[in-house]
Amino acid sequence: MVLRDTISELNKQELSQLKADNKIDSVLRKIESQIKKGRFLPIIGPEKGAFVYLVTKLAKPKKILELGTLVGYSSLIFAKATRRKAKIITIDWDKKLGEEAKTNFQEAGVKNAKQLCGDATEIVKKLKGNFDLILLDVGKEYYTILLPHCIRLLRRGGILLIDNVLWDNKRMEEFRNELLNQKVLETIIVPIVDGVSLSQKL
Ligand SMILES: C[S@@+](CC[C@H](N)C(=O)[O-])C[C@H]1O[C@@H](n2cnc3c(N)ncnc32)[C@H](O)[C@@H]1O
């Protein structure tokens, strides 16, 4: 009797997790279908998203910082990978996109994402550290300014993910060198689509 009750309780929990995951998945698919219909939305996308999802699941972060919310696609990946338990702080300076992201979070049942609206290069100065995972995905011209802040805000052993690092231009080439030369980071560049880097703070 007790065992049966326990199993039924576990099934209930598993079922509610699956339902919650499905809600997130359906918003992710909605965003992807908007792109297929021609809307320009530079999301991390399903291929790099699958990588980010797995890294996040393995890292089990409790505090995530995301620079570049857009409409919330990558935040939703973080929410799903952490079973909506991590605190996500996500920054974007575009108010309209922020509103759309908010709607997407509500539709996906995600309540643990805190949105900050403004210039990431200014907001990060006011943030205090100890994030377990950071995603850097704003305008590429800000990567160099933001890298030292990301390092400062990351706890030792924390994970830094940076999108689009294989873009073929001089600015990104210089940034890649800068990233790979950081003594405090152990970094690999993963050649999925246009590249995502994975670093661990030593
Ligand atoms: C590539 S998109 C982010 C995509 C998102 N991470 C995803 O995968 O769903 C970049 C976003 O960064 C924002 N952005 C660019 N530069 C910024 C800055 N300096 N401060 C805040 N937001 C910025 C843009 O408005 C845009 O929404």
Can you tell me which residues in segment 82-96 are of a type outside the set (D, E, K, R) and under 23 Å from Ala50 (Cα atoms)?
-> Thr82, Ala86, Ile88, Ile89, Thr90, Ile91
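Yes/no matrix, rows are residues, columns are (1) among the polar types (S, T, N, Q); (2) in contact (Cβ under 8 Å) with a residue 40 or more places away in the chain:
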| site | (1), (2) |
| --- | --- |
| Glu9 | no, no |
| Lys12 | no, no |
| Gln17 | yes, yes |
| Ile24 | no, yes |
| Lys36 | no, no |
| Phe40 | no, no |
| Ile43 | no, no |
| Pro46 | no, no |
| Val52 | no, yes |
Taking into account only those residues within segment 83-108 that are aliphatic (A, V, I, L, M) and either away from the ligand (no atom under 12 Å from the Cβ) or part of a loop (DSSP other than H, G, I, E, B) (or both), which is farthest from Tyr142 (Cα to Cα)?
-> Ala108
Of the conditions (1) under 16 Å from the mean Cα position of the chain (by Cα); (2) within 13 Å of the ligand (Cβ to nearest atom), Glu141 fails just one. Which one is it?
-> (1)
Under the condition of being among the aromatic types (Phe, Trp, Tyr) and in contact with a strand residue (DSSP E or B) (Cβ under 9 Å, 6 or more places away or on another chain), which residue from segment 67-96 is farthest from Asp163 (Cα to Cα)?
-> Trp93
So which of Lys111, Lys80 ends up being closer than 26 Å to Lys19 by Cβ, in contact (Cβ under 8 Å) with a residue 24 or more places away in the chain, assigned to a helix (DSSP H, G or I) and more than 10 Å from the ligand (Cβ to nearest atom)?
-> Lys80
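Among the residues in segment 55-68, are any assigned to a helix (DSSP H, G or I), of a type outside the set (Val, Ile, Thr) and within 12 Å of the ligand (Cβ to nearest atom)?
no
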From the set of residues in segment 145-185 that are more than 15 Å from the ligand (Cβ to nearest atom) and within 25 Å of Pro46 (Cα to Cα), which is surrounded by the most Cβ atoms within 10 Å (Cβ to Cβ)?
-> Gly158
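Each reported figure results from applying straightforward, stated rules to the coordinates on display, with no laboratory input. Keep in mind that this is a model prediction, so the values were computed, not measured. Neighbour counts run over all protein chains shown; Cβ positions are idealised from the backbone, glycine included.
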